[in-house]
Structures are given as C-alpha cells and as structure tokens.
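Data first, discussion second: the structure below is written as structure tokens.
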Amino acid sequence: QAQLAESGGGVAQPGDSLTLTCVGSGIISSVFSMGWYRQSPGKQREWVATQTSAGGTMYAETVQGRFIISRDSAKNAVYLQMKDLKPEDTAVYYCNAMLGHDIYWGQGTQVTVSS
C-alpha cells in the first residue's frame, strides 16, 4: 500500500521560511511526478508546485520565486522550501504522487502564517 507522509508544518510569521517534507513508502518516488497542493478554509484545493520524474519543476504564479520543490530519491522524499511566507500561504499542504492513473495523497500538514 502506497503512503505519503508530510511533516514540517507549523506556525510562522510573515517573511519567515519553512520547509515541508513528504516521505513516500510503498512507491518509488523517483518515477513519479511529485507535487504539493494546499487548501485554505472555505476554498478548493489548489496546486502549488510539481517536480516531474525528469526533474522539471513548475510553480503556481502565487508562489513563483518564493517556493522551491526538490526531491531526494535516495530518501524517497520530496521537499517544499517556502520563503518569504505571507498570511495568504496559510493552508493545509498536501503531498501528491502521480504516475499515469495512479495518484496518491498524503494526510496534509498545517501551515499557519500570522503575526
């Protein structure tokens, strides 16, 4: 059974940095397209960033230049470095792994940005 487990969320002040980690089990994350999504209260889940199995990266316009997605295949992990956090970044962040029709989600980790 494939599982994804996120960690690293917490409370931050505007301008702070946080790094989220997602560790996969039961999958070989290096062959998957790995991504991060987020969901704020009352809003739909939105895409944040993706790294393809080939290493290409894509970002939502709202986080471009502030967030960096990366992976460590040896650890079966994907990371989301978040810099210059803003209150509007407050959300539950979810890790996603996708390969063809196979899609997996983690349970999410809360990020709260508040002064």
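The values are calculated or read from the model by the stated rules, or taken from the named source; none is laboratory data. Predicted, not measured: the structure shown is a model, and the values here were computed from it. SASA here: full protein model, heavy atoms, side chains in, ligands and nucleic acids out. Shrake-Rupley method; radii C 1.70, N 1.55, O 1.52, S 1.80 Å.
Some observations on this one:
- Cα-based reach from residue 43 at 20 Å (exclusive), listing aspartates and glutamates while leaving out same-chain residues under 8 positions away: 61, 88, 89
- Base-10 log of normalised Debye intensity for the chain (one unit scatterer per alpha-carbon) at q = 0.10, 0.12, 0.16 Å⁻¹: -0.26, -0.37, -0.66
- In straight-distance terms, cross-link reach from residue 75 covers every one of the aspartates and glutamates whose alpha-carbon lies under 19 Å from its own, apart from those fewer than eight places away in the same chain; here that gives 6.
- Accessible area expressed per residue, the chain, with surrounding protein chains retained (probe 1.4 Å, Å²): 53 Å²
- Solvent-accessible area assigned to carbon and sulfur over the chain amounts to 49 percent, based on a 1.4 Å probe.
- Compared with the direct C-alpha span, the chain from residue 57 to residue 44 gains 2.4 nm at full extension, assuming 0.36 nm per residue.
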